[in-house]
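The values are calculated or read from the model by the stated rules, or taken from the named source; none is laboratory data. Every value quoted in this text rests on a predicted model; they were computed, and no experiment measured them. Positions of Cβ are backbone-derived with ideal geometry, glycine not excepted, and every protein chain shown enters the neighbour counts. Side chains included, ligands, DNA and RNA excluded: accessible areas come from the protein's heavy atoms. Shrake-Rupley method; radii C 1.70, N 1.55, O 1.52, S 1.80 Å.
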Amino acid sequence: MRILLKSVLVSDSRSSFHGKTVDLLAENGQWIQIAASIQDKADVVIAGNQLQWSPSLVDLRVHNTLPGGEHREDWESLSRAALKGGVLDMLLLPTGSPVPQQADSIRFIRQKSGQITFHPMAPLSLDNKGENFTDLFDLHRAGAVWFGHGAGTLQAVDLMAKSLQYLQTLPVTIVCRPDTEALSLYGQIHEGLQSTLLGLKGIPVLSESMSIQRDLDLLRYVRSNAFGLANADFKLHFACISTAAGVELIQAAKAEGLPVTADVAVHQLIFTEDAIADFDTNKKVFPPFRAHADLEALWKGLEIGVIDAVVSDHHPVEFESKALEFDHADFGTIGLETLLVAFVDAAEKRKLKNSLDFITHKPASLAGISLPVVEVGSHVQGIVFESGVNHIYQLTDIVGKSKNSCFIGETFTTQITHVIKGDQLLYQG
């Protein structure tokens, strides 16, 4: 099949055509011609106003609801949401029930890959209880290269230290969503002005910064006693950074040469604690929306390379668990469908250079994925999206099972029109 894209701005920083508006012709899943104007016939012609081409998205943080949470998301609805959002690679947290903690479970998730590639994260401890180790090396042999403690971080210092000691010998990544549970316990929103005004228990910045500091100290300790066994590709990854203090700690760690990376959830770049003033439970997320100074620090962290990637932190929650009083509602927002459109809009306002890299090539590099670039002879895989539209995101737009989006009612000026892989149109908006 031949696919022709007309007058498309190439937004792929690794392509020699980056920043140029061209016609793109693909045949049998490969680019065969790239030029200012192509008049050849094609089976499918994609044309429109202000179209852009981007590599497909890589999302490093998706909450796994399977097995046990099929009422929140199943494989079909998860795939639907991902395709609408242009996400063709996703890292699934070890959050199913039961937890996918055997080698066969890791292999099963990997085998579910088709149009979308699922990359399973393995749990550090049995049932995510933080008491006993899983078979870390067996899970790695089964294909796991990312390890974490459910959706959070190990609170047991000894277990975390040993996890770093054992796994630093392998080319793997340990994930920490920094939180000191003794400080965040019963917290609902950011500890600040709004928590005082609304009478809700706050989650302090210290909960995040103390957790980051602890794990950095443990990392320094195990590296100083590695006896030359540390793998050059081992990393400690901090997920969903939300505070200025967290950015500062990670910046210092990188300057020190520690093998540390970090990401931020897209909604943390858009909302502050003020968004909670109307008690909208869809905006109850963890970590919570922070102060304006924290939001500014997160954007600065992206700009200077302290934060490596932007994620959706896609967390499906059924209606019944959100339709409650704020302090009883579950944390979490879905985000696969809106990762690109929300981030592109916000990044353009900030004039962030090569912003799409933070949801494509940069997370791909962290995950060991090589995304095809736009060049003659290369494989076709990416997204066509339109700029300059005005669309109010509504409940009816959501294709996933759970509808708990913090972006309902927000206006986006970007819309995905096509997702293409090989010679297949996986999605048409």
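Can you pull out the residues in region 23-40 that are open to solvent by 10 Å² or more (accessible area, probe 1.4 Å), in contact with a strand residue (DSSP E or B) (Cβ under 7 Å, 6 or more places away or on another chain) and more than 14 Å from Ser378 (Cβ to Cβ)?
Across region 23-40, the qualifying residues are Ala35, Ala36, Ser37, Asp40.
Which is in contact with a Gly (Cβ under 6 Å, 6 or more places away or on another chain), at negative phi and in a strand (DSSP E or B), of Val419, Val389, Val384?
The match here is Val419.
If Leu60 passes every condition in (1) crowded, with 23+ Cβ neighbours inside 10 Å; (2) assigned to a helix (DSSP H, G or I); (3) not acidic (Asp, Glu) but one, which one does it miss?
(2)
Among the listed residues Val317, Val380, Val373, which satisfies the condition of being crowded, with 23+ Cβ neighbours inside 10 Å and either among the β-branched types (Val, Ile, Thr) or over 14 Å from the mean Cα position of the chain (by Cα) (or both)?
Among Val317, Val380, Val373, only Val317 is crowded, with 23+ Cβ neighbours inside 10 Å and either among the β-branched types (Val, Ile, Thr) or over 14 Å from the mean Cα position of the chain (by Cα) (or both).
Out of the residues in region 181-237 meeting the condition of being surrounded by fewer than 14 Cβ atoms within 10 Å (Cβ to Cβ) and aromatic (Phe, Trp, Tyr), tell me which one is modelled with the lowest pLDDT.
Phe227
If Leu356 satisfies all but one of (1) in a helix (DSSP H, G or I); (2) within 30 Å of Gly68 (Cα to Cα), what's the number of the condition it fails?
Among (1) in a helix (DSSP H, G or I); (2) within 30 Å of Gly68 (Cα to Cα), Leu356 violates only (2).
Does region 171-180 include one or more residues that are surrounded by fewer than 15 Cβ atoms within 10 Å (Cβ to Cβ) and free of Cβ contacts under 8 Å to residues at least 12 places away in the same chain?
No, every residue in region 171-180 fails to be surrounded by fewer than 15 Cβ atoms within 10 Å (Cβ to Cβ) and free of Cβ contacts under 8 Å to residues at least 12 places away in the same chain.
The conditions are (1) part of a loop (DSSP other than H, G, I, E, B); (2) within 19 Å of the chain's Cα centre (by Cα); (3) within 28 Å of Leu24 (Cβ to Cβ), and Gly96 fails exactly one of them. Which is it?
(3)
Quick check on my filter: what residues within region 23-46 are more than 30 Å from the chain's Cα centre (by Cα) and in a strand (DSSP E or B)?
Asp23, Leu25, Glu27, Ile32, Gln33, Ile34, Ala35, Val44, Val45
Yes/no per residue for (1) under 28 Å from Gly85 (Cα atoms); (2) of a type outside the set (Asp, Glu):
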{"position": "Asp217", "(1), (2)": "no, no"}
{"position": "Tyr221", "(1), (2)": "no, yes"}
{"position": "Phe238", "(1), (2)": "yes, yes"}
{"position": "Val264", "(1), (2)": "yes, yes"}
{"position": "Phe271", "(1), (2)": "yes, yes"}
{"position": "Ala277", "(1), (2)": "no, yes"}
{"position": "Val285", "(1), (2)": "yes, yes"}
{"position": "Glu303", "(1), (2)": "yes, no"}
{"position": "Ala309", "(1), (2)": "yes, yes"}
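Which residue pairs have Cβ atoms under 6 Å apart, sit 6 or more places apart or on different chains, and have a first residue in region 407-426 that is under 17 Å from Glu27 (Cβ atoms) and a second that is open to solvent by 30 Å² or more (accessible area, probe 1.4 Å) and outside any strand (DSSP E or B)?
Final answer for the pair search is Asp423/Met1; Asp423/Asn28.
Out of all the residues in region 145-180, which are closer than 20 Å to Ser97 by Cβ and not in a loop (DSSP other than H, G, I, E, B)?
Those that are closer than 20 Å to Ser97 by Cβ and not in a loop (DSSP other than H, G, I, E, B): Trp146, Phe147, Gly148, His149, Gly152, Val175.
Going through Asp74, Asp89, Asp40, Asp23 one at a time, which residue ends up being within 15 Å of Gln115 (Cβ to Cβ) and either at pLDDT 95 or above or of a type outside the set (Phe, Trp, Tyr) (or both)?
Asp89
Restricting attention to region 119-153, and to residues there that are among the hydrophobic types (A, V, I, L, M, F, W, C) and surrounded by fewer than 22 Cβ atoms within 10 Å (Cβ to Cβ), which single residue is nearest to Leu366 (Cα to Cα)?
By that ranking, first place goes to Val145.
So, of the residues in region 249-300 that are among the acidic types (Asp, Glu) and either open to solvent by 20 Å² or more (accessible area, probe 1.4 Å) or part of a helix (DSSP H, G or I) (or both), which turns out to be modelled with the lowest pLDDT?
The residue in question is Asp278.
Kindly provide the set of residues from region 293-314 that are more than 13 Å from Ser242 (Cβ to Cβ) and either among the small types (Gly, Ala, Ser) or more than 15 Å from the chain's Cα centre (by Cα) (or both), ordered by number.
Lys300, Glu303, Ile304, Gly305, Val306, Ala309, Ser312
Could you please find all residues in region 88-120 being under 16 Å from Pro316 (Cα atoms) and among the aliphatic types (A, V, I, L, M)?
Matches in region 88-120: Met90, Leu91, Leu92, Leu93.
For region 323-335: of the residues being surrounded by fewer than 24 Cβ atoms within 10 Å (Cβ to Cβ) and under 22 Å from the mean Cα position of the chain (by Cα), which is farthest from Asp89 (Cα to Cα)?
Asp330
Among the residues of region 73-118, count how many are within 30 Å of Val384 (Cβ to Cβ), open to solvent by 30 Å² or more (accessible area, probe 1.4 Å) and charged (D, E, K, R).
Residues meeting the conditions: 6.
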